[in-house]
Amino acid sequence: MTYYWIGYQTEWATDVAFRDPASLASIYPALVQHAMLHFKSPDVLRFLGERRPYARFTGELTTSFKHRPEGVRVKHWARGNSIKMYDKAGSLLRIETTIAKPDDFRVFRPASNVPDGRLEWRPLRKTVADLHRRAQVSQHANDAYLDALAAVDDTTPCSALFDAVARPVADAGRRYRALRIGDPDELALLQAISRGEFVTAGFRNRDIRRLLHPGSFKAPPELQRRLSAKLGRRLRILRAHGLIRKVQHSTRYELTRRGHLLTAALRAVRNASLTQLIGNAA
């Protein structure tokens, strides 16, 4: 008899240990609120390996919140795979990725019927031969989720973040204007680059153009080039202010820590009521 060993379902967890339960309890409600309010469908798809969520996803995506004996849990499902966050044993913050449908991911391997054939990126299989890749993609999902939560608990005053971009800066001998964080166009750009779907893979000029100018890809080529060049100049300003950086050997950008903090601060301040702001300040 021959056997085909598989991992029907795998779970991969990352634990963040706190000094004591009180330390975790002081920030966990904010983490839960951030995960429920700000992680939208494209964000979760990116966490779970979908590189082009708008073009290919046809399944159902669900987010749930539940009180359990072990703690409070936030869980996101997408086509049989999931990622969740919960407080465990009082002082552990656990992020856990569960994979039950591995073919949504890719592994660099030969064809199944040609073991010595050419290596290519192919669908991940349930066989135990691909368990190493399951571990990699699961850890990547956990890291991306934690990175997206990183801006929640920061003691930097919002005034310091806003003042830092409210004046012109010089970079590589050139002067760049201040950011206008009250301008609708500037706010739209900052909201676009901070979308959770760009956490894992970064974003390109065309990704942001698709959000800011959804009909531009049907426009004449000359107009598309002008929009691309204009957006490129605006992204260069963000780079000069240290909000984004270029991903090496690619045309992609990613948010820096300062960028995460600024966009999170803008989102929090603009969504909060005056009563909430005064209460937090007190």
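The values are calculated or read from the model by the stated rules, or taken from the named source; none is laboratory data. From a predicted model like this one, the values you see are computed outputs, not experimental measurements. Don't worry about glycine lacking a Cβ; one is built from the backbone with ideal geometry, like all the others, and counts go over all protein chains shown.
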| query | Can you pull out the residues in the stretch 210-253 that are charged (D, E, K, R) and assigned to a helix (DSSP H, G or I)? | reply | Arg210, Lys218, Glu222, Arg225, Arg226, Lys230, Arg233, Arg234, Arg236, Arg239
| Search result, residues across the stretch 25-71 that are outside any loop (DSSP other than H, G, I, E, B), at pLDDT 75 or above and of a type in the set (A, V, I, L, M) | Ala25, Ile27, Ala30, Leu31, Val32, Ala35
| query | Which of the residues belonging to the stretch 136-174 are part of a helix (DSSP H, G or I), among the small types (Gly, Ala, Ser) and exposed (fewer than 14 other Cβ atoms within 10 Å of the Cβ)? | reply | Ser159, Ala160
| remark: Checked pairs for the stretch 119-137, first over 23 Å from Thr14 (Cβ atoms), second in a helix (DSSP H, G or I), C-beta under 7 Å and 6 or more apart or across chains, list as Pro123/Asp103; Arg125/Pro102
